[in-house]
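What follows is calculated from the coordinates using simple rules that are stated; it is not laboratory data. The shown structure was predicted, so the numbers you read here are calculated from the model rather than taken from an experiment. Quick reminder, even Gly has a Cβ in these numbers, built from the backbone with ideal geometry, and neighbours come from all protein chains shown.
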Amino acid sequence: MSKFLTNIEKEWDSVVDFPIESKPERLAYLEDFKQKGLPTRRDEDWKYTNIGFLNKINFSSGNGSKINSELISGIIISDLDVHLVVLVNGKFSEDLSQFESNENLKIIPFSKLKKDNHRRFKENFGKMTEGGHRFENLNRALFSDGLFVELGGNYKAEKTIHILNIANCKDSPVIINHRNLIVAGECSNVKIINSYYSIGAFESIFNTSSEINLDNSANLTYYNLQNDDQDLSHIFNTTRSQLAKNSIFSDFTFSLGGKFIRNELSCRLIGEQSLANLYGLYLADQNSLVDNHTFVAHEVPNSTSNEFYKGIIDDRAKGIFNGRVLVKKDAQKTNATQQNRNIVLSDKAQINTKPELEIYADDVKCSHGATTGVIDQDALFYMRQRGIPLAKARSLLMFTFCYETIEKIDIEQIKEYLTKIIKKRLNI
Amino acid sequence: MSSVKIENLHASVGGVEILNGVDLEINDGEIHAIMGPNGSGKSTLASLIAGHPDYEVTSGSILLDGQDVLELEPEQRAQKGIFLAFQYPVEIPGVSNANFMKQSVNDIRKAKGLEPLKAGEFLKLMKEKAKFVEMDKSFLKRSVNDGFSGGEKKRNEVFQMAMLDPEFIIMDETDSGLDIDALRIVANGVNKIKDGKKSFIIITHYQRLLEYIVPDFVHVLSGGKIIKSGGSELALELEERGYDWLGETNDEVVA
Ligand SMILES: Nc1ncnc2c1ncn2[C@@H]1O[C@H](COP(=O)(O)OP(=O)(O)OP(=O)(O)O)[C@@H](O)[C@H]1O
Ligand SMILES: [Mg+2]
């Protein structure tokens, strides 16, 4: 048995019955995972993404010493008033969290949830991840806690919800299996941040699995902020969304820091006039890897998707973009655009980009494009001719490239937060 | 003050020789016009003076006030007062004209050991210079040259020139694509900037601009060489007679 599986077996031993799902109910998912094992590079979906590190890290779900609440103020987004839900090593932390939950806006950790009291939970939990991929099954078997968010019909959440995943790896390497289930009722409106932070000198492995359901005319914006440790943090982040009629789902995935990041995002447009916006920005340098796999399924007529991913790869880093778009036979008048733009800064940096379009309807507007280039040399010379030093001109041009995505965010504080991080990365 | 001395300049790009022995001497405050057929090497000469990394100088020298310019990076040349108004100004989506100029003005100031301009001072300067070239304020907020019409781009070059107050100015076909009013504005701009100390190279195909900006000398660049020089009356003669009568053409470099 591989070291990874041995460690997983140990984790399984510590899994306890959960009020929402008993241990025996979760066994099947573990069995499934064990049977398939870890993906290898022979798997088409993992062709460019090496996860050999999983067999090298001696992880556990760990406990770690206490996290100081003062630390939180340094990792959250300043000046943004949020419902803050903190999970430490995958478990809800009452002390560090600060939020209000009520009938219109339920924010409930799984560990506190009685599923029979929440119809929408029962209806949706585990539905989208059923039959999912290996890491989702692993998550289902081992999840230590999670967050249920439900918005009642017509409820417009004023405050953004911030789910902060902290890995406490002060004492040993840590694996975190944590889930989110988000149900946005009819005509509701909410913005949610999902971010990662590791503390300590050991490795962290996050395996997040999220299900997001949008009822008719719901509007949900989801920000994945990944700005974690460059040497120690590993993130597997799978998000599945389902869009009913007239609903709008906007996903932002910012991968700005982490040794390894694999995002899988899927959007099923199952209601007419639904709209999915998928925006991604990745900056990978040193020895890091950022992999974005997206899947958009247009299943009914008249739906729209806009996908716009871009990134800068430097040093020996690797970027992978795989964007699959499926337009089913009945999905006439689908409007789907996909764009992936990359800047590669060093000879040793790599980018693998692959659009996969499967279109079975005939009256559709679908476009896609992928570009990989270097910094615009003409613009660089133009700026230098005006007295701007080379390094600064380069940084300015790269910042501009990044800002195109940041600009689409409609929360000023998040914009500023990301602008700061990116400027720091680019030395401006 | 700025005097420029170009001696026996040979240059190539991608292994092809484009300039083969250019000599040109410009004293403080002089205006030199360079004319010549398409593809004869005019823009190449301009790019070389500005330090474009694609062009390789195989022999010869360029001195600015006695200092060897070829050793300097493009930004250092700009900081020393060399300004090139591009034949094809570059679009930079996402960088506003105002921000671009702020970086530019302050980087040049920094190189001279000056403090950056205060926000208010900078704004005032920008408004004044925009007015000077009759450029609408809305252009300051727009991304550099992004979606500008041909004429607007050229006007933006003159605006930048006014902002940076350079010493040695090369205008590469700044008059091409300008309507008559814009031409007058650009020419007035140059005439107002000219202070008897700044020196100019004006690259043009038309006598028209030279009616507004009267050059001290006119040179014909052909086949990578200056094949004739004269006073401002030479431009008129070229307009009437073309280049053929000068004998040498640039056959060898036309692809
Ligand atoms: N990067 C390059 N690669 C290959 N050839 C080049 C390059 N740049 C310039 N050339 C060639 O060098 C020659 C001179 O070009 P240049 O742009 O200097 O001409 P010009 O005199 O400015 O012409 P015009 O009046 O049309 O602007 C041309 O034959 C051109 O094709
Ligand atoms: Mg030219």
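From the alpha carbon centroid of segment B:74-120 to that of segment A:135-176 is 48 Å. Distance cut-off 19 Å, Cα to Cα: go down the list B:Lys153/B:Lys198; A:Lys318/A:Lys392; A:Lys392/B:Lys153; A:Lys91/A:Lys112 and report the pairs above it. Violating the 19 Å limit, Cα to Cα: B:Lys153/B:Lys198; A:Lys318/A:Lys392; A:Lys392/B:Lys153. Entry note, chain B: the mean residue ellipticity at 222 nm calculated from DSSP H runs of n ≥ 4, each adding -39500 (n - 2.57), is -10500 deg cm²/dmol after division by the residues and rounding to the nearest 500. Each residue of segment A:156-168 was assigned a 3J(HN,Hα) from its phi angle through the Karplus curve 6.51 cos²θ - 1.76 cosθ + 1.60 (θ = phi - 60°); the sequence is 10, 6, 6, 8, 6, 9, 10, 9, 10, 9, 9, 9, 9 Hz, with glycine and proline shown as x. About its Cα centre, the dipole of segment A:84-201 is roughly 220 debye, where the only charges are +1 on Lys and Arg Cβ and -1 on Asp and Glu Cβ. In this Cβ point-charge picture (+1 for Lys and Arg, -1 for Asp and Glu), chain B has a dipole of about 1360 debye about its Cα centre. Averaged over the residues of peptide B:102-109, the number of Cβ atoms from other protein chains lying within 10 Å of each residue's Cβ is 4. With Cα atoms defining each centre, segment A:340-411 and segment A:25-53 are spaced 32 Å apart in the structure.
What shape does segment B:73-117 take by its C-alpha gyration tensor, where a ≥ b ≥ c are the square roots of the eigenvalues and a/c under 1.5 counts as rounded, a/b above b/c as prolate, and the rest as oblate? Oblate is the answer for segment B:73-117, as a/c is 1.5 or above yet b/c matches or exceeds a/b.
Peptide A:358-364 has a mean shielding of 0, counted as Cβ atoms of other protein chains within 10 Å of each residue's Cβ.
Taken about its Cα centre, the protein assembly as shown carries a charge dipole of about 2120 debye when Lys and Arg each add +1 at the Cβ and Asp and Glu each add -1 at the Cβ. Relative contact order of chain B, taken over Cα pairs closer than 8 Å and 6 or more residues apart, is 28 percent.
Across segment A:304-313, coupling constants 3J(HN,Hα) worked out from phi with the 6.51/-1.76/1.60 Karplus curve, θ = phi - 60°, read 10, 9, 10, 10, 9, 10, 8, x, 10, 10 Hz, and Gly and Pro carry x.
Could you tell me which residue out of B:Ser232, B:Met135, B:Gly177 lies farthest along the dipole of chain B toward its positive end? Charges go on the beta carbon: Lys and Arg +1, Asp and Glu -1, centred on the Cα centre. Result: B:Met135. When the listed pairs A:Lys34/A:Lys122; A:Lys122/A:Lys354; A:Lys23/A:Lys354; A:Lys348/B:Lys154; A:Lys34/A:Lys156 are checked against a 32 Å cut-off, the alpha-carbon distance exceeds it for A:Lys122/A:Lys354; A:Lys23/A:Lys354; A:Lys348/B:Lys154; A:Lys34/A:Lys156. Work out the charge dipole of chain A with +1 on the Cβ of Lys and Arg and -1 on the Cβ of Asp and Glu about the Cα centre, then indicate which of A:Asn154, A:Gln413, A:Val374 is farthest towards its positive end. My answer, from the dipole projection, is A:Val374. I'd like the distance separating the alpha-carbon centroids of segment B:1-55 and segment B:213-227, in whole Å. If you average the Cα positions of each part, the centres end up 11 Å apart. Each stretch of four or more DSSP H residues adds -39500 (n - 2.57); spread over every residue of chain A, this sum gives -6000 deg cm²/dmol at 222 nm.
Which of the trypsin sites (Lys or Arg not before Pro) across segment A:1-46 are loop residues per DSSP, with 10 or fewer other Cβ within 10 Å? Answer in residue order: A:Arg42. Converting phi to 3J(HN,Hα) with the Karplus coefficients 6.51, -1.76 and 1.60 and the offset θ = phi - 60°, segment B:10-18 yields 10, 8, 9, 10, x, x, 9, 6, 10 Hz in sequence order, with x at every glycine or proline. Neighbouring Cβ atoms from other chains, within 10 Å of the Cβ of residues in B:73-79, number 6 on average.
Remark: the Cα gyration tensor places chain A in the rounded category, a/c being less than 1.5. Distant-in-sequence amide contacts of A:Leu181, defined by a placed amide H-H separation under 5 Å and a gap of 5 or more residues or a different chain, comprise A:Leu147, A:Phe148, A:Val149, A:Glu211.
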